[in-house]
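Please read the structure below before turning to the comments.
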Amino acid sequence: MKNVLVIGSTGQIGSELTMKLRREIPGGVTVAGYIPGAEPKGALLESGPAEQADVCDAKQIAAIVEKYDIDAIYNLAALLSATAEKKPLLAWDIQMNGLINILEVAREKRCAVFTPSSIGSFGPSTPHDNTPQDTIQRPTSMYGVTKVATELLSDYYFHKYGVDTRSVRFPGLISYTTLPGGGTTDYAVEIYYAAVKGETFVCPIAPGTYMDMMYMPDALRAAVQIMQADPDKLVHRNSFNIASMSFDPETIFQAIRKEYPDFRIRYEVDPVRQGIADSWPDKMDDSCARAEWGWKPEFDLESMTADMIMHLKEKLL
Ligand code: SER
């Protein structure tokens, strides 16, 4: 992995991953791909090249790959789970038609491809506790349908055409740089913003709803590490369970209250998000990622909370 195209470079993951790749891959170039209305700004714009890169425009993607001699694509364009329920056709178009465009370009130009999967690729019939790497995947959300299909299509391109596709199933991702939007796990980001701003947090997810979550630095390390892993050691490819912490709204609220004793929470459960959350695992088993490419998280709820609060104080106050 030397010359990289990040599609969706201004999103929650892309904005930080692009900067990390530019810092960590010497001698290469990382292109920040964006769509109109989501142009890169500031350090993201100034630290390297940026190109309009719409997953639905295969010719545009192929031209960028050609221009920069791209050998790896991070395909991060997606609608998150709650938005995908509102706009299922658009979610399908971006996540599936977009993916096949990328995979076709990768097949022709010999690029590796990372397209994230998610806890959303599981459904109500999946074992929820210690969800195994290989298990039932019958999701009931459009987001989940596209994520399972992403895993299958990515494996198909690997087996049929030798395209070097690899991926992880991300938990809900928590970060202070760029807000997520339209996801079921977004509450675990928004709760920190409320605490630091001194506001009561209105929580759309019911207490007792456990989901896997992860702090962004761990997620970024996973995204880079999996693409640099020794292919001979990979039994799986699309996609690996990765985990670091699992909590419900009450647990994260109490962790934040240690720093902000007056912090308050009120529950106004959103039935769409709650239905999705109930269908997802409580906690995934990530032993295959640990064994096959050395995955190991660094942050737990306590250390993440301290780091989030420190950075949000700098950002918001
Ligand atoms: N964070 C995503 C969502 O909530 C799941 O991968 O939609």
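Read-outs: derived from the displayed coordinates by stated rules, not from any lab. Since the model is a prediction, treat every value here as computed from it, not as a measurement. In this analysis, Cβ positions are derived from the backbone assuming ideal geometry, glycine residues included, and neighbour counts consider all displayed protein chains.
Structure summary
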{"item": "V196 hydrophobic (A, V, I, L, M, F, W, C) and surrounded by fewer than 22 Cβ atoms within 10 Å (Cβ to Cβ)", "result": "no"}
{"item": "Residue list for region 296-317, filter: among the charged types (D, E, K, R) and either in a loop (DSSP other than H, G, I, E, B) or under 11 Å from A243 (Cα atoms) (or both)", "result": "K296, E298, D300"}
{"item": "Subset of region 183-199 [assigned to a loop (DSSP other than H, G, I, E, B) and within 22 Å of N241 (Cα to Cα)]", "result": "G183, T184, T185, D186"}
{"item": "Only one of R237, R169 that is assigned to a loop (DSSP other than H, G, I, E, B), at negative phi and in contact with a strand residue (DSSP E or B) (Cβ under 6 Å, 6 or more places away or on another chain)", "result": "R237"}
{"item": "Flag for Y215 being more than 14 Å from the ligand (Cβ to nearest atom) and under 19 Å from the mean Cα position of the chain (by Cα)", "result": "no"}
{"item": "Complete set of residues in region 157-176 that are of a type in the set (F, W, Y) and either in contact with a Leu (Cβ under 7 Å, 6 or more places away or on another chain) or within 22 Å of A84 (Cβ to Cβ) (or both)", "result": "Y157, F170, Y176"}
{"item": "Enumeration of residues in region 240-270 that are among the β-branched types (V, I, T) and either buried (at least 21 other Cβ atoms within 10 Å of the Cβ) or part of a helix (DSSP H, G or I) (or both)", "result": "I242, T251, I252, I256"}
{"item": "Selection count, region 129-156, where residues are part of a loop (DSSP other than H, G, I, E, B) and over 24 Å from R290 (Cβ atoms)", "result": "4"}
{"item": "Among the candidates K147, K160, K197, residue that is out of contact with any His (no Cβ under 8 Å at 6 or more places or on another chain), within 11 Å of the ligand (Cβ to nearest atom) and not hydroxyl-bearing (S, T, Y)", "result": "K147"}
{"item": "Residue ranges of helices (runs of 4 or more DSSP H) in region 21-128 with at least 2 members without any contact (Cβ under 8 Å) to a residue 24 or more places away in the chain, touching a strand residue (DSSP E or B) at 6+ places or on another chain (Cβ under 7 Å) and surrounded by 23 or more Cβ atoms within 10 Å (Cβ to Cβ)", "result": "none"}
{"item": "Unique residue being within 14 Å of the ligand (Cβ to nearest atom), under 22 Å from V6 (Cβ atoms), in contact with an Asp or Glu (Cβ under 9 Å, 6 or more places away or on another chain) and part of a loop (DSSP other than H, G, I, E, B) when the list is T209, T178", "result": "T178"}
{"item": "Members of region 271-295 found to be within 17 Å of the chain's Cα centre (by Cα) and either over 30 Å from K258 (Cβ atoms) or not in a helix (DSSP H, G or I) (or both), listed by number", "result": "W280, P281, K283, M284, D286, A289, W295"}
{"item": "Index of the failed condition, V189 passing every other in (1) under 19 Å from F299 (Cα atoms); (2) within 12 Å of the ligand (Cβ to nearest atom); (3) under 12 Å from the mean Cα position of the chain (by Cα)", "result": "(3)"}
